[in-house]
Amino acid sequence: MSDDLTAPEAQSDELAFEGALRPKSLTEFVGQSKVRGQLQLLLTAARMQERTPDHILLAGPPGLGKTTLAMIVAHESGRTLRMSSGPAIQHAGDLAALLSSLVPGEVLFIDEIHRMARSAEEMLYLAMEDFRIDIMVGKGAGATSIPLDLPPFTLVGATTRSGLLPNPLRDRFGFTAHLEFYEDAELEQVLSRAAVLLDFEIDRDAIAEIAGRCRGTPRIANRLLRRVRDYALVQGGRADRDAVRAALELYDVDELGLDRIDRAVMSAILTRFDGGPVGLSTLAVSVGEEADTIESVVEPFLVRIGLITRTPRGRVATPMAWDHLGIPRKRAAGTQQALFPDDL
Ligand SMILES: Nc1ncnc2c1ncn2[C@@H]1O[C@H](COP(=O)(O)OP(=O)(O)O)[C@@H](O)[C@H]1O
Ligand SMILES: [Mg+2]
């Protein structure tokens, strides 16, 4: 999302960094205690019965730990992990090739599963339920379908948009985990752990400052930690609270953790649409971003910290939003008066 991460080089650096910091087991995985408990039970029961664990769907905004949990599922159940993603499965044939090459008991991870081709989705229903697929051979009147038995496997699907998954697919997962944004105390744990792994000496209150500004997201926490480390390295000073403030100001991350895109969205709602309501696609066009990015990345966090609310008529800024962005409120449209009568 940030400017500094658009270069391919920066991305691969980020990937290497993420790989190094990824927790390998459920006990190392910070926060999400409910989901952790549920997964632990599911995996232990499967182990006791010597069967493959049920199919698992992991839903939530980017950077909250879906890929990490998929790896942990494979690791904790002592199975190998096969990784693929929705966009890579454009035809039923792509999925057939993937499924027919699975090793018995393997964990198949499909990231961004909502972006898989429709024809593949149908094949996946049968595969998940009966460990079987039908492969079509030939075309037209002469076409026949050849059934193919699959080895037992566990599907782990990840999605930032569980609402886009067709019900029949969603229903075939034995367990769906909804990952939530992390609390500050949990993010401090994530950061402390990362600092130790990176051998980076940083003050406790500096960690707290980063935790409060990382959009409730471990991936962003780790990324900001890295920026602060760069800053301390170049400036040669202590990694204290002031260093964090200076570094984050340099990277356009404000006290609530809003970055450039978050603020562009907020200021569009406030100044161009008088606080809303404004529809998602109109908003996306006005800030030059994909509607999907706004809906899955930007909006969930803005809603969670109370800067916008979703109404049937569109997104509406809350009174707090005007204050935070420092934009004076105009006496505006009837809808606003109706929504916040005592605040005008
Ligand atoms: N619960 C957690 N505890 C510690 N680190 C985490 C946790 N969740 C995510 N991370 C860190 O954040 C990074 C991004 O997590 P990832 O699983 O790739 O997110 P997602 O797949 O949901 O986008 C990981 O590399 C890991 O370092
Ligand atoms: Mg991921």
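The values are calculated or read from the model by the stated rules, or taken from the named source; none is laboratory data. Everything numeric in this text was worked out from a predicted model, so none of it was measured. Virtual Cβ from ideal backbone geometry, glycine too; neighbours counted across all protein chains shown.
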Could you run through region 153-208 and say how many residues are over 13 Å from Leu57 (Cα atoms) and in contact with a strand residue (DSSP E or B) (Cβ under 8 Å, 6 or more places away or on another chain)?
1
Before we move on, is Pro166 surrounded by 12 or more Cβ atoms within 10 Å (Cβ to Cβ), more than 18 Å from the chain's Cα centre (by Cα) and away from ligand 1 (no atom under 16 Å from the Cβ)?
yes
Has region 99-117 got at least one residue that is away from ligand 2 (no atom under 16 Å from the Cβ), aliphatic (A, V, I, L, M), in a helix (DSSP H, G or I) and surrounded by fewer than 17 Cβ atoms within 10 Å (Cβ to Cβ)?
no
Which of the residues belonging to region 44-68 are assigned to a helix (DSSP H, G or I) and closer than 24 Å to Ser101 by Cβ?
Ala46, Lys66, Thr67
Considering Thr80, Thr160, Thr67, which residue is away from ligand 2 (no atom under 16 Å from the Cβ) and either at pLDDT 95 or above or buried (at least 20 other Cβ atoms within 10 Å of the Cβ) (or both)?
Thr80
Limited to region 30-64, what total is found for residues that are under 12 Å from Tyr182 (Cα atoms), within 16 Å of ligand 2 (Cβ to nearest atom) and either of a type in the set (Phe, Trp, Tyr) or more than 13 Å from the chain's Cα centre (by Cα) (or both)?
1
I need the full set of residues from region 83-93 which are in a helix (DSSP H, G or I) and within 16 Å of ligand 2 (Cβ to nearest atom), in order please.
Gly86, Pro87, Ala88
Taking region 177-227 and keeping only residues that are in contact with an Asp or Glu (Cβ under 9 Å, 6 or more places away or on another chain), more than 16 Å from ligand 2 (Cβ to nearest atom) and of a type in the set (A, V, I, L, M), one is left with Ala195, Ile202, Ala206, Ile207, Ala208, Ile210, Ala211
Restricting to region 242-290, name every residue that is assigned to a helix (DSSP H, G or I) and over 24 Å from Met320 (Cβ atoms).
Asp242, Ala243, Ala246, Ala247, Leu250, Ser281, Val285
With Ile261, Ile269 as the choices, which residue is closer than 21 Å to Thr217 by Cβ and surrounded by 15 or more Cβ atoms within 10 Å (Cβ to Cβ)?
Ile261
Taking the condition buried (at least 17 other Cβ atoms within 10 Å of the Cβ) and small (Gly, Ala, Ser), does Gly288 pass?
no
Taking the options Leu191, Leu155, Leu124, name whichever one is at pLDDT 95 or above, assigned to a strand (DSSP E or B) and within 25 Å of Met71 (Cα to Cα).
Leu155
If we ask which residues in region 208-231 are among the aliphatic types (A, V, I, L, M) and within 13 Å of ligand 1 (Cβ to nearest atom), their number turns out to be 5
Residue check: is Pro218 surrounded by 23 or more Cβ atoms within 10 Å (Cβ to Cβ), under 30 Å from Phe153 (Cα atoms) and either without any contact (Cβ under 8 Å) to a residue 60 or more places away in the chain or not assigned by TED's automatic domain parsing to the domain that holds Arg304 (or both)?
yes
Subset tally (residues that are within 11 Å of ligand 1 (Cβ to nearest atom) and either within 22 Å of the chain's Cα centre (by Cα) or farther than 19 Å from Ser25 by Cα (or both)) for region 182-197
9
Using the structure shown, decide if Val103 is more than 24 Å from Asn222 (Cβ to Cβ), touching a Pro at 6+ places or on another chain (Cβ under 8 Å) and among the hydrophobic types (A, V, I, L, M, F, W, C).
yes
Give just the number: which of (1) part of a loop (DSSP other than H, G, I, E, B); (2) away from ligand 1 (no atom under 13 Å from the Cβ); (3) surrounded by fewer than 12 Cβ atoms within 10 Å (Cβ to Cβ) does Leu41 not satisfy?
(1)
